[in-house]
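Shown next, in structure tokens, is the structure this report addresses.
The values are calculated or read from the model by the stated rules, or taken from the named source; none is laboratory data. As the structure is a computational prediction, the values presented were derived from the model and not from experiment. Note: ideal-geometry Cβ built from the backbone for every residue, glycine included; neighbour counts use all protein chains shown.
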Amino acid sequence: MKETLASLLKPFADFCFEALNAIPLTGARIIFILVMAALAFWITTFKDENPKNLPEYSGKPSGFLLFHDLRFWAVCILVLQIVLVIVFK
Amino acid sequence: MQRLSPIDIAIVLVYLVGIVILGYFLGRKQHTETDYFLGGRKLKWWMVGASLVVSDIGALELMGVSGAAYVYGFSLANYDWLACLFPMVVAAFVFVPFFWRARVYTIPEYMGRRYNDAVRVLVALIWGSFMVANLGIFLWVSAKTLNVLVGWQLHWSILVTAFVVGAYTFMGGLRAVVVTDTIQYIILVIGSVVILTIGWMKVGGISGMVEAIDTSAPGKEFFFDTILGLDSGYPLTWPAVLFGLTFVLGPAYWGGNQAIVQRCLGTGSERDAKKSVLFGACLKCTIPLILVLPGMFGAILYPGIEDPDTIYPTMMAELLPVGLTGIVFAAFLAALMSSVDSYLNSAATIWTMDIYKRCFNREASHEHLFRVGRVLTIVFILIAMGLAPITGKFEGVFSYFVTLLSMFQGPTFAILLLGMIWKRATSTGALVGLLVGVATSATLTWIGEDLFTAAEPALYIAWWAFFGALVATVVVSLFTQPKEWSAIEPLMFKKVA
């Protein structure tokens, strides 16, 4: 039973292995960067958090408000991840 | 390995007694299940963020990640970077605010509202059993570690760990878990930085390490690499990281694990819940420095260790002077306890809210549920104490049991995700999807060695189990009747800030 199942699935498993193995590491790195960049872009399409509407931020200068937009921090984290992928081989 | 000096023992005792007293004070004004299971929804976001991170670093991770870095090098950083940062951002903007708005206590509770009670109870039983079984394993691994490190008898280690964790979790509930976790995070970072600094000086920094490691030696060719090919023979190759960790197990953990999500639900606002996960992600960026680098330094300082998992305790014992050993040992205990307290509190929450209240006492008062939660906390720590030695005797069986239960993570995440984003997903589809996903996982695990050429097949199995559950849920849902839109609309994901 086990051998039969393994022999049935093996060609597909080998195909997946070969296909992924054919992608060079530079390509893999680009895939990771694109995945992170796509998420960062998607996060920026969320509605503006507009911290001006929160009582604790009323009257604060607008430059200060950027740091209270959580989308900004999410993008920073993802950019850092992209930098790590680029810097470390 | 070594005995603690009286000064070290005093530091450890102060730490242990201190967190039990803290648990007592934090639990004094708790009267309802919201106080006990969600900290009264008054938890500080930065404490929750630190708690999320330290709970992720249990005994297994502390020993395992450093040990694996000792053998495989820098690619282990992917456990904290590629496997966590992407899923944590997704969790912060998709899952956590979504659950917070739904005002649920548990993820099975959401499943019950979105699908039906059968899905709720099934998922609750799976997660509830998984957590209680894991408690026994955490205690056993902790005891074994303490035995290696300071020669403590196994039964004494189990008793001390279970008593301390059980006491502060029993008295203070989630609030005690989060506050003690925050303290444990600070102690853990201090201890790990000490080991990192001393290791750094001994090795001569990064440049000294690069010079000392012979990357032409067999098995060390990719010691400094993070993105690895399938033919490298290393466990964390890039497809395993991308498909297994980044896309499935990472989001399933950060967005679908009760122990993680529950403490975010205890924050005072939806914005605080998001902030807690993003803050946790910021802290996560630093974890490879305190876990992976010491393991890599150990490869130079102590080559040829028989069991690589003992590298962290070895460095503690060999590098640290009296006094500092006590601090780092307390940090080590902190790491052991942070996972136990989280799973203990979450197991009590699931069994109280999704099994006891749902199946046996729907009209239970807030005060009654609070008392049930406390009783279950005691019951589960006692069960874990009983399971811990059995884990040692039948390690293979228990490892298999936990592997079996962990197979549910991918499929459970698949039906959770579809329930959130696809209005056509039905309860029959979810049940079938869950079963198909688990069957896929079990089958692939069974024939794993004959099928997978790459190392670490579990990560690929997680992907295929998730994919199988996703496809089965979609297909069956298309042939079954969905719920009315008006009934599920509040339970569907909406892109709001």
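I need the full set of residues from region B:229-245 which are at the interface with another protein chain (Cβ under 9 Å from one of its Cβ atoms) and either crowded, with 24+ Cβ neighbours inside 10 Å or within 17 Å of residue B:415 (Cα to Cα) (or both), in order please.
Selection gives B:237, B:238, B:241.
Determine if region B:260-277 includes at least one residue that is away from chain A (no Cβ under 14 Å) and either under 16 Å from residue B:57 (Cβ atoms) or touching a His at 6+ places or on another chain (Cβ under 7 Å) (or both).
Within region B:260-277 (the criterion being away from chain A (no Cβ under 14 Å) and either under 16 Å from residue B:57 (Cβ atoms) or touching a His at 6+ places or on another chain (Cβ under 7 Å) (or both)), the answer is yes, since at least one residue qualifies.
Only residues that are acidic (Asp, Glu) and either in contact with a strand residue (DSSP E or B) (Cβ under 7 Å, 6 or more places away or on another chain) or surrounded by 24 or more Cβ atoms within 10 Å (Cβ to Cβ) (or both): list them for region B:328-379, please. Full working, then the answer.
Of region B:328-379, the ones acidic (Asp, Glu) are B:341, B:354, B:363, B:367.
Result: B:341, B:354.
Out of the residues in region A:18-56 that are at the interface with chain B (Cβ under 7 Å from one of its Cβ atoms), part of a helix (DSSP H, G or I) and in contact with an Asp or Glu (Cβ under 9 Å, 6 or more places away or on another chain), which is modelled with the lowest pLDDT?
Only one residue tops the list, namely A:21.
From B:104, B:96, B:53, B:48, grab the single residue that is surrounded by fewer than 23 Cβ atoms within 10 Å (Cβ to Cβ) and at pLDDT 90 or above.
Every option except B:104 fails the conditions.
Here is a check on your reading of the model: is residue B:364 among the aliphatic types (A, V, I, L, M) and modelled with pLDDT of 95 or more?
Considered against the rule, which asks whether it is among the aliphatic types (A, V, I, L, M) and modelled with pLDDT of 95 or more, residue B:364 comes out as no.
Among the residues of region B:329-361, what is the count of those that are touching a Lys or Arg at 6+ places or on another chain (Cβ under 9 Å) and of a type outside the set (Ser, Thr, Tyr)?
Number satisfying all stated conditions: 4.
Condition check ((1) within 14 Å of chain A (Cβ to nearest Cβ); (2) under 29 Å from residue B:102 (Cβ atoms); (3) among the polar types (S, T, N, Q)) across all residues:
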residue: B:30; (1), (2), (3): no, yes, yes
residue: B:43; (1), (2), (3): no, yes, no
residue: B:47; (1), (2), (3): no, yes, no
residue: B:55; (1), (2), (3): no, yes, yes
residue: B:70; (1), (2), (3): no, no, no
residue: B:74; (1), (2), (3): yes, no, no
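Could you please give the count of residues in region B:425-464 that are assigned to a helix (DSSP H, G or I), within 14 Å of another protein chain (Cβ to nearest Cβ) and among the hydrophobic types (A, V, I, L, M, F, W, C)?
9
Go through region B:87-155 and tell me which helices (runs of 4 or more DSSP H), entirely inside it, have 2 or more residues that are touching a residue at least 24 places away in the same chain (Cβ under 8 Å) and charged (D, E, K, R).
Per the criteria, B:107-114, B:117-150.
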